[in-house]
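Enquirer: Shown below is the structure under consideration.
The values are calculated or read from the model by the stated rules, or taken from the named source; none is laboratory data. This is a predicted model, so every value here is computed, not measured. Please note: Cβ atoms are built from the backbone with ideal geometry, for glycine as well, and neighbour counts cover all protein chains shown. These area figures cover heavy atoms from the full protein model, side chains too; ligands, DNA and RNA do not enter into them. Shrake-Rupley method; radii C 1.70, N 1.55, O 1.52, S 1.80 Å.
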Amino acid sequence: MLSLDQVTKRFFPGTVNERVALDQLSLTLNEGDFVTVIGSNGAGKSTMLNVISGRYPTDGGCVVIDGKDVTKSPEHKRAAWVARVFQDPMAGTSPHLTIEENLAIAFRRGQGRGLGMAVTRAGREVYREALATLELGLENRLQMRVGMLSGGQRQALSLLMATYAQPSILLLDEHTAALDPSRAELITRLTGEAVARHNLTALMVTHNMHQAIELGNRLIMMHEGRIVLEVDEAAKRSITAEALLEEFSKIKGASLSDRTLLD
Ligand SMILES: Nc1ncnc2c1ncn2[C@@H]1O[C@H](COP(=O)(O)OP(=O)(O)OP(=O)(O)O)[C@@H](O)[C@H]1O
């Protein structure tokens, strides 16, 4: 479903500022895997997502999605397979369009151009049904402009828009970090539900240890552009935040990100 094979990414190569953000990183996600990613500051977590989405070209190795080598595919082409929810709740939706217009665009993703944001009667029923799963009452506010929604409501909508079209890979980029604790809790729950409903393959970067443990069936820890710990499905069921911290403290020179939330 997703495979990174010996992927290297350098910034400012050949200069005194050279940074190796990803160092021959290899990772495979099988269909339905949901991998949570934690690590130190500057470990390469965001860079890994950017290399998968095609935002950054690689300096070595390859990225394979659904058996297709997409290493050289630009971001807009990979958008047919890769969906992403960003930290900023404002990033995933268009504030000047209504809820139903945003959904019309998202739900037609990958079905070619033409209808754009046109809303049909049949479409409206589909949107209402999908919005009802969020349990936020948005199904009764289809014609409201998205700019009027709260950050938590917008992030819930972004999540729905990213997951509904069942992307081959869902990237979650600290997508609850900008929300207050109760909204973060809601989005965490909705994330688990959406991934399970569509049997999605997902990769989630988080600084929230509780979330990293609660969500997903596998966990990886990154440091200096490499994966330094992999927790498989069986081990993840019983792992604790304390055990993860203990593992991290064994890595020479490593400290968990200063934004880490322990509960
Ligand atoms: N656009 C960029 N230009 C130059 N250097 C970059 C760029 N993006 C990332 N880096 C560098 O690459 C390394 C990895 O950064 P990255 O943002 O991927 O880490 P991260 O694990 O997401 O960190 P954090 O948890 O602090 O957000 C860092 O040394 C960072 O300074």
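Enquirer: What distance in nm separates the two pseudo spin-label positions at Thr15 and Ile105, each 7 Å out from Cα along the beta-carbon direction?
Expert: If labels sit at Thr15 and Ile105, their model points lie 3.4 nm apart.
Enquirer: In deg cm²/dmol and to the nearest 500, what is the mean residue ellipticity at 222 nm of the chain if only DSSP H runs of at least 4 residues count, each as -39500 (n - 2.57), divided by the residue total? Provide the component values of the computation, followed by the final result.
Expert: Details: 9 runs with 85 residues, N = 263.
It comes out at -9500 deg cm²/dmol, rounded to the nearest 500.
Enquirer: Report the full-extension gain for the segment Ser182 to Arg128: residue separation times 0.36 nm, less the Cα-Cα distance, to one decimal in nm. Don't jump to the answer; show the numbers that get you there.
Expert: Values: separation 54, 0.36 × 54 = 19.44 nm, distance 2.41 nm.
Difference between extended and current length: 17.0 nm.
Enquirer: A follow-up question, please. Sort Val146, Val20 by accessible area with a 1.4 Å probe, largest first.
Expert: On the way: Val146 0, Val20 60 Å².
Per-residue accessible area, sorted high to low, gives Val20, Val146.
Enquirer: What distance in nm separates the two pseudo spin-label positions at Asp232 and Glu31, each 7 Å out from Cα along the beta-carbon direction?
Expert: The two pseudo-label positions are separated by 2.2 nm.
Enquirer: Taking the Cα centre of the chain as origin and charging only Cβ (+1 Lys, Arg; -1 Asp, Glu), how large is the dipole, in debye to the nearest 20?
Expert: Values: 29 positive and 31 negative charges, 185 e Å.
For the chain, the charge dipole is close to 880 debye.
Enquirer: While we're here: Any idea of Leu138's accessible area? Nearest 10 Å², probe 1.4 Å.
Expert: 0 Å²
Enquirer: For the chain, max minus min Cα coordinate along each principal axis, in Å, sorted largest first?
Expert: Extents along the principal axes, in whole Å: 58, 39, 34.
Enquirer: Out of the DSSP beta bridges found with both residues in the chain, what percent are antiparallel (nearest 5)? Could you put the intermediate results ahead of the total?
Expert: Working: 21 of 39 bridges.
Once the DSSP bridges in the chain are tallied, antiparallel ones form about 55 percent.
Enquirer: Now, a different point. For Cα pairs less than 8 Å apart in space and 6+ apart in sequence, what is the mean separation divided by the residue count of the chain, i.e. the relative contact order in percent? Could you put the intermediate results ahead of the total?
Expert: Details: 498 pairs, mean separation 70.2, N = 263.
Relative contact order for the chain comes out at 27 percent.
Enquirer: I would also like to ask the following. With every protein chain left in place, what is the accessible area of His96 in Å² (1.4 Å probe, nearest 10)?
Expert: Looks like 140 Å² after rounding.
Enquirer: Something else about it: Roll a 1.4 angstrom probe over the protein heavy atoms and tell me the percent of accessible area of the chain that is carbon or sulfur. Walk me through the intermediate numbers first.
Expert: On the way: 6180 of 12600 Å².
Carbon with sulfur: 49 percent of the solvent-accessible area.
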